[in-house]
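Undergrad: Take this structure, written in structure tokens, and hold onto it; I'll ask about it next.
Taken together, the values in this text are just the output of simple stated rules run on the coordinates, not laboratory data. Remember, predicted model here, so these are calculated numbers, not experimental data. Here the Cβ positions follow ideal geometry from the backbone for every residue, glycine too, while neighbour counts run over all protein chains shown.
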């Protein structure tokens with residue numbers, strides 16, 4: 001299974017993207033994402049930026065996506081969900097299309113909900129993605145590919161739950177894209193022991 005972990009920093013990604021027509025907007029998006037996410041880390045302790053850059057690498061090097069709005073949105077996909085940034089701020093800096101894509105992939109706030117209610121809200125959010133435009137689906141698929149490509153680094157109970165969630169909700173979305181359908185099928189087989 002191919003993994004996408006080469007772009008650990010924006011400098012590394014930018015060097016590989018030299019000459020890419022979307023580089024100016026990607027530079028602005030990367031700078032905004034780094035500013036909004038600040039010192040945040042992933043559950044593994046890795047800098048948050050690594051996840052965003054992995055998702056970008058999935059789209060560029062894996063799926064061959066070149067659309068500037070989709071690529072900018074993948075760098076910004078968690079800013080509304082995980083930082084004080086708002087959809088309106090994303091729109092002000094990056095326009096309607098990027099803001100709409102970010103809005104589609106942003107989970108509704110679950111503060112104050114119990115564990116069972118949070119899981120039900122997340123399931124409803126994932127089901128709603130079936131109505132999302134194709135570009136938003138690409139952003140979500142790249143986000144999930146980044147999250148699951150090293151699933152073994154997470155606690156065993158999380159691995160099993162996340163595997164099942166990915167099979168149930170994400171694989172049907174991946175069917176819209178031949179590249180993602182193939183990648184997620186390879187991933188499913190590699191992690192089938194989690195059933």
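Undergrad: I need the shape label for the stretch 1-97. Rule: rounded when a/c is under 1.5, else prolate if a/b > b/c, else oblate, with a, b, c from the alpha carbon gyration tensor.
TA: It is oblate, given that a/c is not under 1.5 and a/b is not larger than b/c.
Undergrad: Counting other beta carbons within 10 Å of each Cβ, put 116, 122 in order, fewest first.
TA: Least to most surrounded, the residues fall as 116, 122.
Undergrad: If each residue's Cβ is checked for other Cβ atoms within 10 Å, how do 138, 75, 129 rank with the fewest at the top?
TA: By the 10 Å Cβ count, ascending: 129, 138, 75.
Undergrad: So for the pair residue 175, residue 121, with labels modelled 7 Å out along Cα→Cβ, what separation do we get in nm?
TA: Computed distance between label sites residue 175 and residue 121 equals 2.9 nm.
Undergrad: Can you tell me the relative contact order of the stretch 10-194? Whole percent, Cα pairs under 8 Å, sequence separation 6 or more.
TA: Contact order relative to length: 20 percent.
Undergrad: Which order do 193, 20, 77 fall in if you start with the one that has the fewest other Cβ atoms within 10 Å?
TA: 193, 20, 77
Undergrad: Distance between the C-alpha centers of the stretch 54-78 and the stretch 90-129? Whole Å please.
TA: 18 Å
Undergrad: To the nearest 500 deg cm²/dmol, what mean residue ellipticity at 222 nm is calculated for the chain from DSSP H runs of n ≥ 4 alone, each contributing -39,500 (n - 2.57), summed and divided by the residues?
TA: -18000 deg cm²/dmol
Undergrad: Would you calculate the volume per residue, in Å³, of the smallest convex hull containing every Cα atom of the stretch 110-180?
TA: 100 Å³
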